[in-house]
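Chemist: Below you'll find the structure I mean.
The values are calculated or read from the model by the stated rules, or taken from the named source; none is laboratory data. What you are looking at is a predicted structure, and each value in this text was computed from that prediction instead of being measured. Here the Cβ positions follow ideal geometry from the backbone for every residue, glycine too, while neighbour counts run over all protein chains shown.
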Amino acid sequence: MIPSVLPTYNRAPLAFVKGEGSWLTAEDGTRYLDLGSGIAVNALGHAHPALVATLTEQAARLWHVSNVYRVPEQERLADLLVARTFADTVFFTNSGTETAELAIKMVRKYWYEKGEPPRTTILTFEGAFHGRSTGAIAAAGSEKMVKGFGPLMPGFRHLPWGDMAAFEAAIGPETAAVMIEPIQGEGGIRVLPDADLRAIRAACDQTGALLILDEVQCGMGRTGRLFAHEWAGVTPDIMMVAKGIGGGFPLGAVLATEAAASGMTAGTHGSTYGGNPLGCAVGATVVEIVSDPDFLAEVGRKAGLFRQRLEALVATYPDVFEAVRGQGLMLGLKCRVAPADLVNAGYGAHVLTVAAADNTLRLLPPLTITDDEIAEAMRRLDEAAASVSRGLSSTSD
């Protein structure tokens, strides 16, 4: 018999009833150190006092009015994002998937209004994850995501990750846009080199193609800059943002230049809940905290400490791990075993991690994680790795 909740997830046998900072408490009272942050969502940890205060205050005033009217909280958050980024304008959504849909529509409408409606091809990359709507899975193109869901939306050309020769051969006057994650999250914490991102930006400038950056997982301070593309010194035309921007409240945003957004006039897009007062009030508090230079500097410092200790962990268990990947507090352990084995061993050590593609274990702790919590994380990760290593030894015997 099918359960009342549609069984589309392979859920762990855990349920949590309380969260505080970097910690989650299960139904039986056991505390777990959370190195997943709801998959990079809880950027400021669980129940951050500033977010609780903002949400409580806003909830007592106004929850929803719809986009038929002006939404002052929405305008405030948009102003903050415009002031702190490349963008001239912002559209608010509820999720990263919705940002992908709008980004695709924005590109196509841009070229339609410029008198080139056939220019619809968007270049995307193997290993990408842009969401689970029909448009987003067509953009990613992996068999795992698209099998059984055809016919797919046309207009995407999938290129191998990291192959700049293939990219340079593919982009041309008929290319509408390039859509890429500066760091692939679901794809295995694979970092796009700064030089490659600069080359992609230059090729877009040369051909007129728009550059869409998907910073749903790598943005909002996770790399030690507000957005990951800042390390390369380039700017996109369109950027997808979600996850961390709401600090746990469902919120996403598409940021764009005036030129890229020029086709999106009244009636061309909409959202019932997107940009609601609750989400935008919380989002503004998150942006104010995360964009502070001192906060970002601390993310960088803690990331260096965490990575150094992870390198030591890899050296200690060469039968389990291959290398450390990532940037800032978006880190991955390339594994020689199935990442799921380490995730499960982590449950026994009371530490939460997230599996990814390319045999990689994701570590996405709250940006507020403390030095003591990093030390405790390493103790628990060591326990999990030792458990997996012992299993390998017993199997070989």
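Chemist: Do we have any residue at all in segment 77-90 that's modelled with pLDDT of 95 or more, loosely packed, with under 11 Cβ neighbours inside 10 Å and assigned to a helix (DSSP H, G or I)?
Modeler: So far as segment 77-90 goes, yes, one or more of its residues are modelled with pLDDT of 95 or more, loosely packed, with under 11 Cβ neighbours inside 10 Å and assigned to a helix (DSSP H, G or I).
Chemist: Quickly run through segment 316-350 and pick out the residues that are in contact (Cβ under 8 Å) with a residue 12 or more places away in the chain and within 23 Å of Gly300 (Cβ to Cβ).
Modeler: Of everything in segment 316-350, those that are in contact (Cβ under 8 Å) with a residue 12 or more places away in the chain and within 23 Å of Gly300 (Cβ to Cβ) turn out to be Val324, Arg325, Gly326, Gln327, Gly328, Leu329, Met330, Leu331, Gly332, Leu333, Lys334.
Chemist: Report, by residue number, each residue of segment 11-61 that is assigned to a loop (DSSP other than H, G, I, E, B), without any contact (Cβ under 8 Å) to a residue 40 or more places away in the chain and either touching a Gly at 6+ places or on another chain (Cβ under 8 Å) or within 25 Å of Cys280 (Cβ to Cβ) (or both).
Modeler: Ala47, Ala60
Chemist: Something else: I'm told Ile189 meets every condition in (1) of a type in the set (A, V, I, L, M); (2) surrounded by fewer than 20 Cβ atoms within 10 Å (Cβ to Cβ); (3) under 22 Å from Gly328 (Cα atoms) except one. Can you identify the failing condition by its number?
Modeler: (2) is the only condition that Ile189 fails.
Chemist: Keeping to segment 262-278, report how many residues are buried (at least 19 other Cβ atoms within 10 Å of the Cβ) and either touching a Lys or Arg at 6+ places or on another chain (Cβ under 9 Å) or farther than 13 Å from Phe91 by Cβ (or both). Give the steps one after another, and end with the answer.
Modeler: Initially, segment 262-278 is screened for residues buried (at least 19 other Cβ atoms within 10 Å of the Cβ), giving 264, 274-276, 278.
From what is left, the residues that are either touching a Lys or Arg at 6+ places or on another chain (Cβ under 9 Å) or farther than 13 Å from Phe91 by Cβ (or both) are 264, 276, 278.
Summing the residues that are buried (at least 19 other Cβ atoms within 10 Å of the Cβ) and either touching a Lys or Arg at 6+ places or on another chain (Cβ under 9 Å) or farther than 13 Å from Phe91 by Cβ (or both) in segment 262-278 gives 3.
Chemist: For segment 191-204, check the following and say yes or no: at least one residue is over 26 Å from Tyr112 (Cβ atoms), assigned to a loop (DSSP other than H, G, I, E, B) and in the same structural domain as Leu77 (by TED's automatic domain parsing).
Modeler: Yes: segment 191-204 contains one or more residues that are over 26 Å from Tyr112 (Cβ atoms), assigned to a loop (DSSP other than H, G, I, E, B) and in the same structural domain as Leu77 (by TED's automatic domain parsing).
Chemist: Then there's this: Tell me whether segment 215-226 contains one or more residues that are over 12 Å from the mean Cα position of the chain (by Cα), over 21 Å from Thr285 (Cβ atoms) and assigned to a loop (DSSP other than H, G, I, E, B). Give the derivation first.
Modeler: Residues of segment 215-226 that are over 12 Å from the mean Cα position of the chain (by Cα), as a first pass: 224-226.
Then drop every residue that is not over 21 Å from Thr285 (Cβ atoms), which leaves none.
Among the residues of segment 215-226, not one is over 12 Å from the mean Cα position of the chain (by Cα), over 21 Å from Thr285 (Cβ atoms) and assigned to a loop (DSSP other than H, G, I, E, B), which makes the answer no.
Chemist: Working only within segment 193-245, note down all residues that are small (Gly, Ala, Ser), crowded, with 20+ Cβ neighbours inside 10 Å and at positive phi.
Modeler: Gly221, Gly224
Chemist: Output the residues belonging to segment 353-394 that are in a strand (DSSP E or B) and either polar (S, T, N, Q) or closer than 16 Å to Ala323 by Cα (or both).
Modeler: Ala355, Ala356, Thr360, Leu361, Arg362, Leu363, listed by residue number.
Chemist: Shifting gears a bit: For segment 286-311, give me the residue count where each residue is among the small types (Gly, Ala, Ser), in a helix (DSSP H, G or I) and surrounded by 13 or more Cβ atoms within 10 Å (Cβ to Cβ).
Modeler: Qualifying residue count for the region: 2.
Chemist: Do any residues in segment 232-245 that are within 24 Å of Thr285 (Cα to Cα) have Cβ atoms under 7 Å from those of residues that are of a type in the set (Ser, Thr, Tyr) and not in a strand (DSSP E or B), where the two are at least six apart or on different chains, and which pairs are they?
Modeler: Every condition considered, the pairs that remain are Met240/Thr99; Val241/Thr99; Ala242/Ser95; Ala242/Thr99.
Chemist: Within segment 304-329, which residues are farther than 18 Å from Val388 by Cβ, among the hydrophobic types (A, V, I, L, M, F, W, C) and either more than 19 Å from the chain's Cα centre (by Cα) or outside the structural domain of Glu373 (by TED's automatic domain parsing) (or both)?
Modeler: Scanning segment 304-329 gives Leu305, Phe306.
Chemist: Considering only residues that are within 21 Å of Arg198 (Cα to Cα), charged (D, E, K, R) and within 20 Å of the chain's Cα centre (by Cα), which ones fall in segment 125-178?
Modeler: Across segment 125-178, the qualifying residue is only Glu126.
Chemist: Taking Arg119, is it surrounded by 19 or more Cβ atoms within 10 Å (Cβ to Cβ), more than 18 Å from the chain's Cα centre (by Cα) and not hydrophobic (A, V, I, L, M, F, W, C)?
Modeler: Details: surrounded by 19 or more Cβ atoms within 10 Å (Cβ to Cβ): yes; more than 18 Å from the chain's Cα centre (by Cα): yes; not hydrophobic (A, V, I, L, M, F, W, C): yes.
So Arg119 passes the test.
Chemist: What do you reckon, is Ala43 closer than 30 Å to Gly332 by Cα and in contact with a Leu (Cβ under 6 Å, 6 or more places away or on another chain)? Quick ask: steps written out before the conclusion?
Modeler: Working: closer than 30 Å to Gly332 by Cα: yes; in contact with a Leu (Cβ under 6 Å, 6 or more places away or on another chain): yes.
Criteria met by Ala43.
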